[in-house]
Amino acid sequence: MTPRPTSEALVATAEQLIGDRVARVADVGTGSGAIAAALAVALPRARVSATDSDAAAVALARANVRRLGLAGRVQVYRGDLLEPVPGRFDLVVANLPYLPVAEAARHPDLAAEPADAVFAAGDGLDPYRRLVAAARRRLRPDGSLVIQLRGHVLVASRRELDEPGPLVEALAA
């Protein structure tokens, strides 16, 4: 995946939320590991768990984490969403597929990207809906979920995941 300006905004938002405190952070759908690595650099006291369901992405992310000297603070796991990582988190960030597969032809600019990193079945938002459900269970009471969606960064506290708000409304069916 080609990093986008929204990814930089995602990391900046994480930095504002966590600052210099000790934290457990999850990067869901890590791909190359670029966001996980950027989080580790921006959040010096955080432990970052990165997940991806694609074996090639996990191998690439692990190689990038090692190459950047971050293996002591970033662990990369293969699996669905938060499932492969035990425990609770202070922050969960994600850049998941959100475009409907049926619209792939409308996005020739994304043809070089891995299709399963950009496009999903149905209306394309099910990966995020499933992540919100997982985050409800896995975020600490004062934790937050931060996602990239349609060029925007959306944030919800754990409490806000149960209420109408920008992030939850963006994913409403």
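The values are calculated or read from the model by the stated rules, or taken from the named source; none is laboratory data. Quick caveat, the model's predicted, so the values are computed rather than measured. Neighbour counts run over all protein chains shown; Cβ positions are idealised from the backbone, glycine included.
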Original post:
Take the residues of segment 113-147 that are buried (at least 18 other Cβ atoms within 10 Å of the Cβ) and in a strand (DSSP E or B): which is modelled with the lowest pLDDT?
Top reply: PHE119
Original post:
more than 22 Å from GLU160 (Cα to Cα), of a type in the set (A, V, I, L, M) and touching a Pro at 6+ places or on another chain (Cβ under 7 Å), is that true of ALA57?
Top reply: no
Subject >> In segment 151-165, the residues that are in contact with a strand residue (DSSP E or B) (Cβ under 9 Å, 6 or more places away or on another chain) and over 15 Å from GLN16 (Cβ atoms) >> reply: ARG158, ARG159, GLU160, LEU161, GLU163, GLY165
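Would you list the strands (runs of 3 or more DSSP E) that sit entirely within segment 1-96 and hold 3 or more residues that are in contact (Cβ under 8 Å) with a residue 24 or more places away in the chain and under 19 Å from ARG136 (Cβ atoms)?
Of the strands (runs of 3 or more DSSP E) lying wholly inside segment 1-96, those with at least 3 residues that are in contact (Cβ under 8 Å) with a residue 24 or more places away in the chain and under 19 Å from ARG136 (Cβ atoms) span 23-28, 89-94.
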**OP:** Being at pLDDT below 90 and surrounded by fewer than 18 Cβ atoms within 10 Å (Cβ to Cβ) is the filter here, so list the residues in segment 148-170 that pass it.
**Re:** ARG150, GLY151, HIS152, ASP162, GLU163, PRO164, GLY165, PRO166, VAL168, GLU169, ALA170
Original post:
In this structure, is ARG47 surrounded by fewer than 19 Cβ atoms within 10 Å (Cβ to Cβ), closer than 24 Å to VAL132 by Cβ and not aliphatic (A, V, I, L, M)?
Top reply: yes
Original post:
Right, PRO44: out of contact with any helix residue (DSSP H, G or I) (no Cβ under 9 Å at 6 or more places or on another chain) and either over 20 Å from GLN16 (Cβ atoms) or among the polar types (S, T, N, Q) (or both) or not?
Top reply: no
